[in-house]
1. Looking only at residues that are modelled with pLDDT of 95 or more, more than 17 Å from residue 133 (Cβ to Cβ) and away from the ligand (no atom under 12 Å from the Cβ) in region 147-168, which one is nearest to the chain's Cα centre (by Cα)?
2. For residue 51, are the conditions met, namely being modelled with pLDDT of 95 or more and away from the ligand (no atom under 12 Å from the Cβ)?
3. Given the conditions (1) part of a helix (DSSP H, G or I); (2) in contact (Cβ under 8 Å) with a residue 40 or more places away in the chain; (3) surrounded by fewer than 20 Cβ atoms within 10 Å (Cβ to Cβ), report the number of the one that residue 266 does not fulfil.
4. As an exercise: evaluate residue 284 against (1) over 18 Å from the mean Cα position of the chain (by Cα); (2) buried (at least 19 other Cβ atoms within 10 Å of the Cβ) and give the number of the one condition it does not meet.
5. For residue 87, state whether it is surrounded by fewer than 19 Cβ atoms within 10 Å (Cβ to Cβ), under 26 Å from residue 310 (Cβ atoms) and touching a residue at least 24 places away in the same chain (Cβ under 8 Å).
6. Got a number for residues in region 64-90 being within 16 Å of the ligand (Cβ to nearest atom) and either assigned to a strand (DSSP E or B) or under 13 Å from residue 130 (Cα atoms) (or both)?
7. Filter region 91-101 down to the residues that are part of a helix (DSSP H, G or I) and crowded, with 20+ Cβ neighbours inside 10 Å, then identify the one that is nearest to the ligand (Cβ to nearest atom).
8. Of everything in region 291-315, what is in contact with a strand residue (DSSP E or B) (Cβ under 7 Å, 6 or more places away or on another chain) and more than 14 Å from residue 360 (Cβ to Cβ)? Give them in sequence order.
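The values are calculated or read from the model by the stated rules, or taken from the named source; none is laboratory data. Remember, it's a predicted structure, so these values are computed and weren't measured experimentally. Methodologically, a virtual Cβ is constructed for each residue, glycine included, from the backbone with ideal geometry; neighbour enumeration extends over all protein chains shown.
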Ligand SMILES: Cc1ncc(COP(=O)(O)O)c(C=O)c1O
């Protein structure tokens, strides 16, 4: 039996009946854009994320982009972001016209905060800590210096629904917290979706207009906006899944603990380095494989029916899309090295101890 890498279809089965009922209700009412199911989910997700407001949008990428637009970031500005992230983080900066200023990562794969601080200039308008793999970047460090210099903190919490640092949820630490509901995320929609969580009423009102052609009232357009609304059919799925999220994140932590236990003693494998507290929600469980054997291990596991992935094969500065930033090989040594060594193991709510043991056993057999 194959071991899936992620399992959005398992989650779907758990909400299927209620979701189809909700869809039928939407159809009967004829509410296909916006409406009470969207506001209901927004209120619930704001409460879950520890913020006063939530603005649902159509993807995590748009959440980041609209957050930066709401901060009036544009040409001539600089935004600091990690080089070890999904490309969407940097796409969002690029499309505002601001310059992405990239930073290497540490052994925890998260943005190197000291390096980030050293790159601040008079043009720096925002910094985007990415809570990569579900582990939160050091928000205490950032909050010690960014706000004093009028630098906004836009959390990229795309992979971090359910993560908490010092008991405080991801998305509630910065000026704004951005989330993705891509189907295999911790809280995944049944299509695209995203949200911005925040506590400023004024910025919330601006974001609601930005996502809806520049106005909240039909045909009243206060400024040029976008069409980036969260679909009600997705809001219904997300509201249903939100009731499970704590249990599911707890399960991910348990799966990670099993991996830690079963992979122990395999010298060629480096398990995730946890720098901070138990904030990790384990969107991904990422190991490193030394001696250039990552690709061979990946293929070996695939032959055994175990699906793995690489997050991400190329750091942003070496990605063709951002060649114009002038990035060079050797510029971000940690991110470059890790890109060749990392391997994400199956992680989802249907992983059991015996499946984890099986994955670990195959990895052990590859190296022996
Ligand atoms: C770190 C990170 N940022 C941003 C995004 C963008 O989210 P979306 O795919 O919903 O646009 C993702 C999701 O893939 C992500 O992993």
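1. That would be 153.
2. Working: modelled with pLDDT of 95 or more: yes; away from the ligand (no atom under 12 Å from the Cβ): yes.
Here the answer is yes, as residue 51 does meet what is asked.
3. The failed condition is (1).
4. Among (1) over 18 Å from the mean Cα position of the chain (by Cα); (2) buried (at least 19 other Cβ atoms within 10 Å of the Cβ), residue 284 violates only (1).
5. When the stated conditions are applied, residue 87 passes them.
6. Just the residues of region 64-90 that are within 16 Å of the ligand (Cβ to nearest atom), to begin with: 64-69, 79-90.
Still in the list and also either assigned to a strand (DSSP E or B) or under 13 Å from residue 130 (Cα atoms) (or both): 64, 79-90.
Counting residues in region 64-90 that are within 16 Å of the ligand (Cβ to nearest atom) and either assigned to a strand (DSSP E or B) or under 13 Å from residue 130 (Cα atoms) (or both) gives 13.
7. Restricting attention to region 91-101, the residues satisfying the condition of being part of a helix (DSSP H, G or I) are 91-96.
So of that shortlist, the ones also crowded, with 20+ Cβ neighbours inside 10 Å come out as 92-93, 96.
On the way: 92: 8, 93: 11, 96: 15 Å.
It comes out as 92.
8. To start, the set of residues in region 291-315 that are in contact with a strand residue (DSSP E or B) (Cβ under 7 Å, 6 or more places away or on another chain) comprises 294, 297-298, 305-311.
Matches in region 291-315: 294, 298, 305, 307, 309, 310, 311.
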